[in-house]
1. I need the phi-derived Karplus couplings for the range 302-317: 6.51 cos²θ - 1.76 cosθ + 1.60, θ = phi - 60°, integer Hz, Gly and Pro marked x.
2. Take the Cα of Ser142, step 7 Å along the line toward its Cβ, and report every residue of the range 159-189 whose backbone nitrogen sits under 13 Å from that point.
3. What ranking, highest mean first, results for peptides 125-131, 27-33 when packing means the other Cβ atoms within 10 Å averaged over each residue?
4. In whole percent, and with a 1.4 Å probe on the protein chains, what portion of the accessible area of the range 352-456 is carbon and sulfur?
5. Within the accessible area of the range 118-246, what % is carbon and sulfur when the probe is 1.4 Å and the other protein chains stay in place?
6. May I ask which of Lys190/Lys228; Lys190/Lys227; Lys228/Lys427; Lys363/Lys445; Lys347/Lys427; Lys366/Lys427 have a Cα-Cα span longer than 18 Å here?
7. log10 I(q)/I(0), Debye, Cα-only the range 145-299, no solvent, q = 0.15 Å⁻¹?
8. Grab the beta carbon distance between Leu244 and Ser374, set R0 = 41 Å, and tell me the FRET efficiency rounded to 0.05.
Amino acid sequence: MLNSTGFIGKMLVFLLLVTTPVAIVAIWLVSQGLLPAEYAVLLILTPVGPGVLIYNRLLRETTVLSQRIEHEASAPLFGHLLPGSIRSGLLPVNDLLLAIQQYRRSMQNLFKEARSHQDDAILLFNLLPDPVLVLDQKRRISRFNSAARNFFSADLAETDLTAYLRHPSLIKAVDAALGGEIESQVVEFKMAGSVGRYIEAHVTQIPGNGGKDLRVILTLHDLTTAKKTEQMRVDFVANASHELRTPLAILIGAIETLQGPAAADREAQARFLSMMHAQSRRMSQLIDDLLSLSQIEMNEHARPSDQVDVTDVLRGVVGLITTRASDLGKTIDLMAPEEPLLVSGDKDQLAQIFTNLVDNALKYGKENTAVTISLTGSEKSIAVSIIDQGEGIPSEHIPRLTERFYRVDSDRSREMGGTGLGLAIVKHIVSRHRGQLEIDSELGKGSRFTIHLPALVK
């Protein structure tokens, strides 16, 4: 509201504007002798009364208009006109307020529709199965979907692309798109890390305002499963053909002998049937191990997420293999804390690698000795050590122990039913769990196989 001083001042200015033209005419008439001075004063003062009334009316209508505009701007919903407001006057107040209401209603509908479209776009963006990144001119990640967050296991907002992807071919393609040199390009590369991933990246340019402020959409398609499936098929054919040749040759020779010279020899038949049974079991075990290893390698890039108690797994392994230890004249000592030690993992696969390592320790340990299983844990990691009292492993063989079909003593390994794949399976399962396999051995004293696994943060 205006104070009295401001009101009087503005009214005087208004009257001055109204009376000035009349005063000029009156003064000119007086100077020409055409109008007496007293009539000139009366002529000048004539517009003052109507001017005051008009000014006062305009002031009231302007005040009402400002109040109603303020009401319409702050009302959460479309309201009615303020009660008691004038219906007509010098200013078209009602028409102006009606136009404001209609404009506000139209804008609100437009905003609601735009918000709905935006929500739908965000939902669809996050439902895309492949990771999608939007990069700005400085190669920073400005937008990303849920699949990208899960893929990198991080919040990517406002970080440089090279913090997560550094392959030169990819960075070159992104820079070319941001520089306007290319519109789109497909790049295949292998991500570095403990578990390699094969990625097909689609780099697509998004024009900005008038061709300026270019951005890039980077879509990542994981080819790891397809690549490893192809490699698995190649490796299986190569390895199976090599490793199955020997037992298959023995089986064929035994069958031919039974059909020929030993057809009537009961003692020879029993010996050759026993040999055939052993070689058949070896072939079956070899195929099982090859399939198991291939399946593990195919899923190696996908870290398991189940909560597993390593203490419970080791107790189960010891319970299953105690009878075999007794048959070999050996014992198993488990040293583990009472409280659970948790990791993110696959319980069956962890049981598989512990069983494999304990079985190896029983096979290669000396007679009447014990195999020790030691479990320790800290806030960051859990360590499981399987210790035997065997002949030990020469140091030059240790770096190659986890290779497929690598054996320190091939003849002895085959006699014990080994396929040469056990430690390769252990290595890949440990890698899938983002752990490490450590091998220590001393000739004449024995070996220690230690698996380090990241502890589950509680």
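The values are calculated or read from the model by the stated rules, or taken from the named source; none is laboratory data. In this text the structure is predicted, and so the values were computed from the model without any measurement. Cβ sites come from the backbone with ideal geometry, for glycine too, and all protein chains shown count toward neighbours. Only protein heavy atoms, including side chains, enter the accessible area calculation; ligands, DNA and RNA are left aside. Shrake-Rupley method; radii C 1.70, N 1.55, O 1.52, S 1.80 Å.
1. 9, 5, x, 10, 6, 7, 10, 8, 5, 4, 5, 4, 5, 5, x, 5
2. 159, 178
3. In decreasing order of mean packing, 125-131, 27-33 become 125-131, 27-33.
4. Summing carbon and sulfur atoms, their accessible area is 44 percent of the total for the range 352-456.
5. Carbon-and-sulfur percentage of accessible area, whole number: 53.
6. Violating the 18 Å Cα-Cα cut-off are Lys366/Lys427.
7. Results for the range 145-299 at q = 0.15 Å⁻¹ read -0.89.
8. 0.65
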